[in-house]
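The structure appears below as structure tokens.
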């Protein structure tokens, strides 16, 4: 590494040391009785997909597409106006908050209010995505070339200048990022099925639990084909037609009862010790406030702090594992290192790894190894490592190598890695908050992160506890995101909106 890379190297070694310490406290035990036998059954199912029920498979795919399309379309409708006002501090705070809460947490909250209504799933995707889109759209607009605006006549209005000069200049970037976000939306739509919506996850959950791995294989193959085919059929001029059809395909759910929504905000999420005071009971505040302190202290000491501890430790191990996988995989998809005949299967393997949501990967590993940290770490590292490897591989292909550049391992360690290491760290730190957010949600599968305690509180009909834990999760995500930004700024690492 060159001298100017030394701060990046020191930071990397610090993260390695922290991950090593976290490993000393990690629960990596395999508790299943026959993991190899189960793996064998999964492999046999993978190579023998069952397409004998096309209607069932088609319904799973169409519902996944419908929820994803409508959710992302609504996110764009909300996110674009927010992007135009992103310079306002309240707008930035709002966007940071809504994107800090995972889609599954939003879905669980909406389910408490209105039941299994399709709008719960749509809003669960749209709310956090609107915050992400607002941030990225605003960055794209800020980075636009200002010179065309200077050539406008003096009396040109701001609206006309925006739509006829500024917007066309950044349209390609906005379109490309929105297409990427749609791919993410389909992954989010798929995992909504694990909490009851009729998307891919619902059918995968049933098939996994019944050991129908050939059906699992068919569902996943169709999902990968859907993701891979987006660039061929998703055209901007047809978007609104697709959204209208997707809206029509959404299932009919339970009717919305406004009384349940009012109850949720006025009673269910109010901390139990002060519900009487909020309802107007005489003397309620005098009795409730002391109990509120004890209630909050007990919740924080027995659930929040243990959940935060496991979430942070697990995410730090997963972050370093993600980096290791990315550095190991990117040469396999770069023409700088491998011949053309091997890049095609390698790229498809990477597509499968990055297209499979972490939640589904963790679910599979949980069946193999049991509910330790190992399934979560492996799932997070594989998915995020593949995402970064894909981007680094493209970056390497754009490099201009010297005519006398070394080959083999020397090319990797002495020519390529020093030149891309800053970009690699930028990508990794950009995924840090994503990994933390996913670590929290994987608690729903039984791993004792914050999601475990949130899911338990909702199962016990204690929405007040669940909401406080979700807010703590959001605060933790915001803190890690701020630390990530500070590190990137200190190391002068270049960012890219593709990684949001």
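Details
- Protection proxy ranking, peptides 189-196, 409-416, average beta carbon neighbours within 10 Å, highest first: 189-196, 409-416
- Taking 16 Å as the cut-off, the amide N atoms of the range 411-433 that come nearer than this to a point 7 Å along the Cα-to-beta-carbon line of residue 401 belong to 411-421.
- Residue order, fewest to most surrounding Cβ atoms within 10 angstrom, among 343, 41, 10, 237: 237, 10, 41, 343
- Residue 225/residue 286 FRET efficiency (R0 56 Å; Cβ-Cβ; nearest 0.05): 0.30
- Projected label points at residue 483 and residue 347, each 7 Å from Cα along the beta carbon direction, are separated by 3.8 nanometres.
- Segment residue 265-residue 245, extension gain: residue separation times 0.36 nm, minus the distance between their alpha carbons: 3.9 nm
- In this rough spin-label picture, where each label sits 7 Å from Cα along the Cβ direction, the residue 84-residue 56 distance is 4.9 nm.
- Between the range 388-455 and the range 13-69, the alpha-carbon center distance in angstrom: 20
- The chain: calculated mean residue ellipticity at 222 nm from DSSP helix runs of at least 4, using -39500 (n - 2.57): -23500 deg cm²/dmol
- Three-way shape label, the range 51-268, alpha-carbon gyration tensor, a/c 1.5: oblate
- By average C-beta atoms within 10 angstrom, highest first, the peptides 221-232, 446-457: 446-457, 221-232
- Annotation: peptides 423-433, 24-34, 239-249, ranked by per-residue average of other Cβ atoms within 10 Å with the highest first, follow the order 423-433, 239-249, 24-34.
- The chain shape via C-alpha gyration tensor axes, a/c threshold 1.5: rounded
- Look at the alpha carbon pairs under 8 Å that are at least 6 residues apart: their mean separation over the length of the chain gives a relative contact order of 21 percent.
- Residue exposure proxy: 256, 132, ordered by other Cβ atoms within 10 angstrom of their Cβ from fewest to most, comes out as 256, 132.
- Contact order relative to length of the range 179-277, as percent, for alpha carbon pairs under 8 angstrom and 6 or more apart: 13
- The range 51-268, relative contact order in percent, only Cα pairs under 8 angstrom and at least six apart counted: 34
- Put in line by how crowded their Cβ is, counting other Cβ atoms within 10 Å and starting with the fewest, 186, 478, 123 read 478, 123, 186.
- Gain on full extension, evaluated as 0.36 nm per residue between residue 176 and residue 94 minus their Cα-Cα distance, stands at 27.1 nm.
Bear in mind that the values in this text are calculations on the coordinates, not laboratory data. Everything numeric in this text was worked out from a predicted model, so none of it was measured. Methodologically, a virtual Cβ is constructed for each residue, glycine included, from the backbone with ideal geometry; neighbour enumeration extends over all protein chains shown.
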